[in-house]
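> Below are the structure tokens for one structure; questions will follow.
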Amino acid sequence: MFWTNPSKLQLPSPSEALPGRTQPLDVPPQHFVNGQSLLGPYPDGSQVAVLAMGCFWGAEKLFWETPGVHVTAVGYSGGQTPNPTYEEACSGRTGHAEAVQVVFDPKRVSYEDLLRLFWENHDPTQGMRQGNDVGSQYRSAIYWHDEDQKRNAEASREAYQRELNQAGFGEISTEIAKAGPFFFAEGYHQQYLARKPNGYCPDHSTGVACPIGLGVNAEA
């Protein structure tokens, strides 16, 4: 049995949110694994996905290992506080989720394929938590950048909900919202599991396969 501050399970109001800062946090110029520029500019034709699925360390590794992904970074999305620190995000008073920014080549890997990896590698029914990681920063979320991403995210949620229902899981709690600013996390969080191979990397996947990206029409 574990206990957490109830305020960490709710998003703060504007008056409750921490003020943050105008200056971005310091991050390394290059990706620790593949050497690509973390901050850009990114190759012409690249697209960006922002996905939150609990602790961002393991989530980032999942995507940097995916063929067709140019570069990844961890950070904070979906909240109110500009340029929050990790400690501030974990306080529950910024409104941010721990998220991964995935810059990818759509000619090599589709957004739908990234969504399939997203759904299959965490439990999107847990609300403001993933396993023993409890708090609003661990919520499941998809932050879309255009109408195509929005449609695909919503269709994939419907398709995966049907699969989860058949497997006996509850309702998906994943937030699907328009992407706002992505605030890069501190340098020591970037590609953490490459820097610390024995680092904490929980697996909260449901074991339920998602049909999206496997030739199945999400609207079927």
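> Those residues that are part of a loop (DSSP other than H, G, I, E, B), among the hydrophobic types (A, V, I, L, M, F, W, C) and surrounded by 15 or more Cβ atoms within 10 Å (Cβ to Cβ), I need them from the range 33-62; list them, please. So that I can check it myself, show each step before the final result.
Step one: of the range 33-62, the residues part of a loop (DSSP other than H, G, I, E, B) are 33-36, 38-46, 54-55.
Of the ones still in play, those that are also among the hydrophobic types (A, V, I, L, M, F, W, C) are 33, 38-39, 55.
VAL33, LEU38, CYS55 - these are the residues of the range 33-62 that are part of a loop (DSSP other than H, G, I, E, B), among the hydrophobic types (A, V, I, L, M, F, W, C) and surrounded by 15 or more Cβ atoms within 10 Å (Cβ to Cβ).
> Right, here's the next one. Would you mention how many residues in the range 142-183 are assigned to a loop (DSSP other than H, G, I, E, B) and touching a helix residue (DSSP H, G or I) at 6+ places or on another chain (Cβ under 8 Å)? Don't jump to the end; show me each part of the working.
Of the range 142-183, the ones assigned to a loop (DSSP other than H, G, I, E, B) are 145-146, 168-174, 179-182.
So of that shortlist, the ones also touching a helix residue (DSSP H, G or I) at 6+ places or on another chain (Cβ under 8 Å) come out as 170-172, 174.
Of the residues in that region, 4 qualify.
> Ok, one more. Can you pull out every residue in the range 92-141 that is among the charged types (D, E, K, R), out of contact with any Phe, Trp or Tyr (no Cβ under 9 Å at 6 or more places or on another chain) and part of a loop (DSSP other than H, G, I, E, B)?
Selection gives ARG93, ASP105, LYS107, ARG108, ARG139.
Bear in mind that the values in this text are calculations on the coordinates, not laboratory data. Just so it is clear, the structure is predicted and the values come from calculations on it, not from any experiment. A quick note on method: Cβ atoms are made from the backbone with ideal geometry, for glycine too, and the neighbour counts reach across all protein chains shown.
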